[in-house]
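J.: Take this structure, written in structure tokens, and hold onto it; I'll ask about it next.
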Amino acid sequence: MKAIRHAAFGAPDEVLVCETLDDPPPPGPGEIALEMLFAPINPADLLRAENRYGETPELPAIPGFEGVGRVAAVGEGVDGVAVGALACPLAASTWRQRITCPAKRAMILPPDVDLHQAAMIKANPATAWAMLQVADLKPGERLIQNAANSAVGRLVARFAGARGIETVNLVRREESAALFEGVPHATALVCDPADADAVRRAGPAQAAFDAVGGAASEALTGALDESGLLLVYGLLSGAPSRIGPIDLVFRDIRVQGFWLKRWAEAAEPATLKGLYGELIGLLQAGALDTPVERVYPMDEIAAAAAHAARPGRSGKILLDLR
């Protein structure tokens, strides 16, 4: 089978290569085998290849935190999973043509869903949904977020709007502001996310979601009410989050990190079931529609990685794993 691997850490477009590896073993008891179809390239995938993520993989490593495949074989003792069904493996290392995994570590999908959207259901929609759970805002309360034109940011605005939560969505370009037209309770503000004065004027808000870090973190705290929550889930700037002591000491701003993996590990089974049940329903209804800018074959991984790292994209970059 083909798989994408890296034997060293570095620039993703330089270290990621497409190789031919042995097929995985057939499924054992409680396992299923998947023929993978598509997988997205997320910022976390690129950070992991650079060794700037929250965990360091053993090299050589196969990247990929999500994707969609078709069940090719079912092991002994697996009930309710048919050969040919669509499934998303919940384990990592998805950038390969075949995967064998425990059946309980796969999300079985309806047969008629959009394959590109299905490939992206595990990470970004779940992150947006879970962060709103953490923020615990009520209808009529306000949320401000930077990098709002990202896949996560757009989903946050849509999920929040459906709950009656107002969102202020910070974007850098006028064309990105148009993404929020028609989204309930959403407004867009075109500005530099580190422009403290512009961001402060967009407040007050009860919570802020920060994907940028650096000075943008401090700018968001200026838009928060006293005792507001700053939830940091990304580091697009590459700089450490900067928070002023006045905000921490005198305004009681709460700062919390968010990593979907850790949140999911701590969540109750009923919470996870509710999360993915709702997302599957949205997927089946066509309500998850993250734009896809381009799909690359596996052997063009260098070009795909460079494209995924390019600022100003209009959609996700996907890998065709077939």
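The values are calculated or read from the model by the stated rules, or taken from the named source; none is laboratory data. The model shown is predicted, which means the values in this text are computed figures rather than measured ones. Because the Cβ atoms are built from the backbone with ideal geometry, glycine has one as well, and the counts that use them run over all protein chains shown. The accessibility values were calculated without ligands, DNA or RNA, using every heavy atom of the protein model including side chains. Shrake-Rupley method; radii C 1.70, N 1.55, O 1.52, S 1.80 Å.
J.: In whole percent, and with a 1.4 Å probe on the protein chains, what portion of the accessible area of the chain is carbon and sulfur?
T.: 52 percent
J.: Which aspartates and glutamates, if any, have their Cα less than 14 Å from the Cα of Lys2, not counting same-chain residues under 8 positions apart?
T.: Within the straight-line limit of under 14 Å, Lys2 reaches these aspartates and glutamates: Glu19, Asp22, Asp23, Glu35, Asp299, Glu300, Asp320.
J.: Continuing with the same structure: For a protection proxy built on the mean count of beta-carbon atoms within 10 angstrom, sort 221-230, 187-196, 236-245 highest first, please.
T.: Most protected by this proxy first, the peptides run 221-230, 187-196, 236-245.
J.: How big is region 208-261 along each principal axis, measuring the range of its Cα positions in Å and listing the largest first?
T.: Extents along the principal axes: 29, 22, 15 Å.
J.: A further question on this structure: What length, rounded to one decimal in nm, is gained on full extension from Arg201 through to Asn51, with 0.36 nm per residue of separation minus their alpha-carbon distance?
T.: Working it through step by step, the gained length comes to 50.3 nm.
J.: Glu181 to Val134: extension gain in nm, 0.36 nm per residue of separation minus the Cα-Cα distance?
T.: 14.3 nm
J.: Rolling a 1.4 Å sphere over the protein heavy atoms, what is the accessible area per residue of the chain, to the nearest Å²?
T.: On a per-residue basis, 45 Å².
J.: A further question on this structure: Defining a contact as two alpha carbons under 8 Å apart and six or more residues distant in sequence, what relative contact order in percent does region 281-322 show?
T.: 49 percent
J.: Project the alpha carbons of region 150-296 onto their principal axes and report the range along each, largest first, in whole Å.
T.: 46, 39, 35
J.: Now for a separate question. Please give, to one decimal in nm, the separation of the simple spin-label points placed at Lys261 and Glu293, each 7 Å out from Cα toward the Cβ.
T.: 2.5 nm
J.: Another question, if that's okay. Quick check for you: which residues of region 98-132 have the amide N under 11 Å from the point 7 Å beyond the Cα of Ala82 toward its beta carbon?
T.: Label zone hits: 111.
J.: What are the semi-axes of the equivalent ellipsoid of region 240-322, taken as the square roots of 5 times the eigenvalues of the Cα gyration tensor, listed largest first and rounded to whole Å?
T.: In descending order the semi-axes read 33, 24, 13 Å.
J.: Just to confirm the number: angle between the C-alpha axis of helix 124-135 and the first principal axis of the chain, 0 to 90 degrees, nearest 10?
T.: Taking Cα atoms only, the helix is inclined about 40 degrees.
J.: Please report the base-10 log of the normalised intensity I(q)/I(0) for the chain, using a Debye sum with one equal scatterer per alpha carbon and no solvent, at each q in 0.09, 0.12, 0.13 (1/Å).
T.: Ignoring solvent entirely, the Cα scatterers give -0.47, -0.83, -0.97.
J.: Sum -39500 (n - 2.57) across every DSSP H segment of at least 4 residues in the chain, then divide by the residue count to get the 222 nm mean residue ellipticity, nearest 500.
T.: -7500 deg cm²/dmol, from helical runs alone.
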